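Input: a single structure, listed below in structure tokens.
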Amino acid sequence: MSALTSLARLEAVATGRAQPLATVRHCHLAEAPLVMVPLKLAGEAAAPLAVMLGTRPSAPALLVVPQPRNRDLRFAFAADLAKVVLDHVEAGRGSVEQLPPGRDGEAKTRYSDAPQLLVPNRGGVAFLRMLGRSTRFRRTEGPYAVDAAVPALGRWLTWFTERHDHPGSSLLLAMTEVLRLHWATGQSSLEDGNLAALLGWIDPPDGMDGPAAAALAEDPVACPPAGPATDPTFDNEVLAPAIAAYNEGAPQAEEKIHRALESQLAPTWELMWRAVRLLRELPEGASVPARWERDRDAFTYYHQTFGEGYPQARRDPPVRAARRLHDLERAQESYEAQRAFDDPLVMAEHRLAGQAFGGVVTECDPTRLDESGKRPRLRPYLRVGTEDPVQLEPGTTVCSADRPALKGRVVEVGAGGVLLELTGGMGRRLTPEPGTIPQVGDRVCFTSRVADSWGAARFPDREETPWTHGGPTEDYVPTDEDAAEEWS
Amino acid sequence: MTDTALALDRLRGGAPPRNHDARTIAALTANPGCARRGLMDAAGVDKDAVARALGFPAQFGQSQFAITRGNAFEAQVKADGCAELLTLLRDRLGLRLPEVAYDDLEVVGGNEGRELRYTRTRRLLARALESGEGTLFDHPLLRLDIAGQPAYLEPDVIAFQLEGRFHVIEIKSFAVIDGQAEPDQVAAAARQSAVYVLALRRLLAELGAPADRVSHEVFLVCPENFSNRPTASLLDVRPQLAVLERQLARLTRVDRILEELPDDLTFAPGDALPEAVRAVAARYAPECMATCEMAFFCRDEARACGSTGALGRSVRDDLGGVDSIGTALGLANGTIEPSPDLVETAEQLRTAARLRREALDGAA
């Protein structure tokens, strides 16, 4: 949050409609994403109750556990869910692209597409994480054997939820988070957690304004919660009697549970696709395809090594944890920088924070040479008149928002603006390539925040884990205990 | 009865006072500046009923599935004189518990007053302090002064005595998976436990025992992974205790709030209720939604008067503490001249407004 988003929230209150926080879409949106709306049984860690899912708005499938405390029914549900998810994974691969060989000389490939999952909110992601955790260690033979698809589902769900932690990844998205990235509403972030209320502000029905639509959305009868938690009143008055009837073997009890849960899920299903349509209307940000390519790389690697691998360990060993943290930090940095390059409204945040500035070129010395060294170097001067609250120290490296290859160094920040010494992106000669240097009167924007400002670190092999981190660890092999874990 | 007690009786409109529990006290400290909540809680007003009468019912329903699960887990842990609990304490935490006694303080021959139960708790704990007898004390009734008024606490916890030191044991039904539980739930449990630790310390202080006879380490007992098996972990509640003590000391004293109010004010149902509630100032923040029955009413009020606090504390902070949405927008578009203390805020808001305009116009 910043004064900029807070201001947008105030404008939303004043106008009664959500205000844009982005001018482009900052996430990839698949042509046929797998939308999943899960529900869980209240009070349990990961007892699935139902999930509505599908890749087309008109054809949702509904999977239900009529007695969520029954272990066999849960695993039957997990097997059904696994079929849908694993089909989606296989269908999402597309074709195989051949890539130039890497440093080790081995030929590499990349799938031309990857599967995408969409859930309503963060709770949905957390639930998939738990469901993945509770199914990935299951054995397909011996005592408590489950369908072969169940542990595979667990591993894929775990993988998707781990990718969700990766800034800029679009493989598994929580709809409320995505919408909040693009719009500011006139309610608090707590209320934004309600998908219906959030959409009510962004796209109110005809004849209603944002506050009215959001108020309607808060009535759990008119608008059941988007899960995974159910409405307690629904639990007590509808679901509990229906499950009791099922336990007693009453006729059509299962159909009744089915219908009851469908009534809770269908409104959120509609909302999910409405949100997808709204997001599609936004043009895609310029760096979105590059980030999706990283997602495809990750998917290709996991898919191709799936057969050799074990389920993900309960806890990361130290080296893997350190590497993962490092990757997440780098991804965060480049994601934030890329978004600003793609979108002037995000860049405005950086400008307000004083890390970037924009304005009009007031002076320009395009052919200035720095002759202090052995050989002269092309170092044009550029003065940018700006009203932005610049917070950059002399010597800071900056690059142009329109053309990041154009780099410079801050010489001085004064009342009249910022004096820059341009250092790169102008060609190799002592005179700049035509068109590379902004001219007096041009509007420019420079930022100090760049993607990949620090390279990938090297980490020791697992066998070389230093004693400070517990020393070398054993390779993780699932145990019988993992497989037989209670699920009550 | 003191004047204050009489005034609080009048506020309730003659209805019996509602008991506090650790949840309400923990919540109270979350928003200590709210006079409305402070007063209603001190008087023991049935806020749920008031909110319903005002047309803004609270949505704190609990699913019977969650209740069943919670009760079943607790019953299982406490079954046979807390057999499972003792196994946990012995095996998992390596405690030496040679002889074990279990006292349930809940029932003393049926129906009796809170004072009586409190006295019994006090007597038993005093004996335990003196003789070292007794290990587990279930359902102790504790007392804590809130804003100058005593509040009785009926914790669903066990006081556990080991070598002359008391520990609080809290049983919760949220799962600990691979050693991790939901941070929100752990935080809430820690806040509640801190209330019990504090109340237990106050009781021991009355008995002349030093505060450190009650440990700041709380045993949290939760189901492990996806099973019903309990697991125990130690929770250090020192930070929560510090916050709690500071907030309780800071709580606006109820008699001071009462001084400012009309003598005939009452929250009894009736036409005058909305006016009576509005007469006491509230400090709404979105966090209230999770803890206070009055939240929907206060939110409506905060929105109606254009309070930036209704959008969240961080928004208000971003706006340099400006309370009114109208003022903030006026400062941003330059139609309001800032007072000297708001010059900096106004400049930032104007810059933010200009940058937003530039970016949106450029994109259009």
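The values are calculated or read from the model by the stated rules, or taken from the named source; none is laboratory data. Small disclaimer: the values here were computed from a predicted structure and weren't measured. With ideal geometry, Cβ positions are generated from the backbone for all residues, glycine too; neighbour counts draw on all protein chains shown.
Worth a mention:
- Checked against (1) at the interface with another protein chain (Cβ under 10 Å from one of its Cβ atoms); (2) free of Cβ contacts under 8 Å to residues at least 60 places away in the same chain, B:ASP300 passes all but a single condition, namely (2).
- Matching residues, segment B:107-143, being outside any helix (DSSP H, G or I), surrounded by 12 or more Cβ atoms within 10 Å (Cβ to Cβ) and at pLDDT below 80: B:VAL108, B:GLU112, B:GLY132, B:GLU133, B:GLY134, B:THR135
- Among the residues of segment A:14-48, those identified as facing chain B (nearest Cβ under 9 Å) and not in a helix (DSSP H, G or I) are A:GLN19, A:PRO20, A:THR23, A:VAL24, A:LEU41, A:ALA42, A:GLY43, A:GLU44, A:ALA45, A:ALA46, A:ALA47.
- Some residue of segment B:63-71 being in the same structural domain as B:ALA199 (by TED's automatic domain parsing), assigned to a loop (DSSP other than H, G, I, E, B), at pLDDT 85 or above and farther than 16 Å from B:GLN161 by Cα: yes
- Whichever residue in segment B:269-285 is among the aliphatic types (A, V, I, L, M) and without any contact (Cβ under 8 Å) to a residue 12 or more places away in the chain and, among such residues, is surrounded by the most Cβ atoms within 10 Å (Cβ to Cβ): B:ALA276
- In segment B:107-118, the count of residues that are over 30 Å from B:ASP3 (Cα atoms) and either within 14 Å of chain A (Cβ to nearest Cβ) or touching a residue at least 40 places away in the same chain (Cβ under 8 Å) (or both) is zero.
- Pair list, Cβ under 6 Å, 6 or more apart: segment B:183-203 residue surrounded by fewer than 18 Cβ atoms within 10 Å (Cβ to Cβ), other residue at pLDDT 90 or above: B:GLN185/B:PHE174
- Taking the conditions (1) at pLDDT 90 or above; (2) surrounded by 15 or more Cβ atoms within 10 Å (Cβ to Cβ) in turn, A:PRO317 satisfies each one other than (1).
- Selected residue (only one of A:LEU198, A:LEU181, A:LEU172 is closer than 20 Å to A:LEU39 by Cα, away from chain B (no Cβ under 12 Å) and touching a His at 6+ places or on another chain (Cβ under 8 Å)): A:LEU172
- Those helices (runs of 4 or more DSSP H) lying entirely in segment A:232-328 with at least 1 residues touching a residue at least 40 places away in the same chain (Cβ under 8 Å), within 32 Å of the chain's Cα centre (by Cα) and more than 27 Å from A:LYS40 (Cα to Cα): A:253-281, A:288-305
- Residues that are more than 9 Å from chain A (Cβ to nearest Cβ), over 15 Å from A:GLN19 (Cα atoms) and not acidic (Asp, Glu) within segment B:336-358 comprise B:ILE336, B:PRO338, B:SER339, B:PRO340, B:LEU342, B:VAL343, B:ALA346, B:ARG350, listed in sequence order.
- Of the residues A:ASP219, A:ASP206, A:ASP165, A:ASP235, the single one that is closer than 27 Å to A:ILE257 by Cα and surrounded by fewer than 21 Cβ atoms within 10 Å (Cβ to Cβ) is A:ASP219.
- Residue within segment A:210-229 that is within 28 Å of the chain's Cα centre (by Cα), acidic (Asp, Glu) and within 14 Å of chain B (Cβ to nearest Cβ) present: yes
- Within segment B:214-268, the set of residues being within 14 Å of another protein chain (Cβ to nearest Cβ) and in contact (Cβ under 8 Å) with a residue 60 or more places away in the chain comprises B:PRO223, B:ASN228, B:PRO230, B:THR231.
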